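Here's the structure, in structure tokens; my notes come after.
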């Protein structure tokens, strides 16, 4: 579920992972003439299956040296992925941690993949762009608009968990994130959401399946509404998971990512505090 000023959004995450025995459509060529070009070096196409006949496709974003993130539900579809980048480098992707608080997984990637990225806080009505690794039936790059920069949604469906008062349509804990309107689809899970300057705003997580008004009546013909975790929340959770020591990485392997994350999180906190004042 997610909240807007004029309506209530109830969501069941469609698993935004592409399942198709077909050649995949990557976003690299399409992203070059859009703001997504600024994060292209940090984008990782996740694929599972035989080359040229990939059966599962998804997305990941490099957020620190040697560390990428994707949606944890991606791992429910396939347990082994390869990753490749705009430079056509292909490598094995290793899962090192899965969050128990968000639909988020931390991946180990080669240290030379990705670069420092620009980030920003989402604002209502911002133009945004997202990209994913899809089958040939879905566009790998889409443009859209932020509906609610600080919305909320059900974490998952199908679990019996106490929820906050007043949000009893959710069956699981509430998570904060960005609601945006775009024709994104399968393969966008774990992919980046950027603003018109190419600054990373968040990580696409899923699709809302139902839009209702405050009386609980479905709004017919509502446009596709997507949900993304805010990049600050993602980085804070990655930092927590890396500090937990339950990831199997050596102290040397986590030192550089943690140092980088600390700097970015501190800068995001300063920006948030400045806007609040």
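The values are calculated or read from the model by the stated rules, or taken from the named source; none is laboratory data. Everything numeric in this text was worked out from a predicted model, so none of it was measured. Because the Cβ atoms are built from the backbone with ideal geometry, glycine has one as well, and the counts that use them run over all protein chains shown.
Details
- Any hit, region 7-30, residues being at pLDDT below 85, within 19 Å of the chain's Cα centre (by Cα) and assigned to a helix (DSSP H, G or I): yes
- Residues of region 116-127 that are in a loop (DSSP other than H, G, I, E, B) and either at pLDDT below 90 or under 10 Å from residue 200 (Cα atoms) (or both): 117, 118, 120, 121, 122.
- Residue within region 142-155 that is in a loop (DSSP other than H, G, I, E, B) and at pLDDT below 85 present: yes
- Taking region 239-277 as the range and being more than 21 Å from residue 101 (Cα to Cα), in contact (Cβ under 8 Å) with a residue 60 or more places away in the chain and not in a helix (DSSP H, G or I) as the test, no residue passes.
- Condition met for residue 130 (buried (at least 21 other Cβ atoms within 10 Å of the Cβ) and modelled with pLDDT of 85 or more): yes
- Residue list for region 187-229, restricted to those being at pLDDT below 90, surrounded by fewer than 22 Cβ atoms within 10 Å (Cβ to Cβ) and in a loop (DSSP other than H, G, I, E, B): 209, 213, 214, 215, 216, 217, 219, 220, 221, 222, 223, 224
- Scanning region 39-83 for residues that are modelled with pLDDT of 85 or more, surrounded by fewer than 20 Cβ atoms within 10 Å (Cβ to Cβ) and over 16 Å from residue 105 (Cα atoms) yields a count of 2.
- Qualifying positions in region 97-115 - buried (at least 20 other Cβ atoms within 10 Å of the Cβ), in contact with a helix residue (DSSP H, G or I) (Cβ under 9 Å, 6 or more places away or on another chain) and assigned to a strand (DSSP E or B): 97, 105, 106, 108
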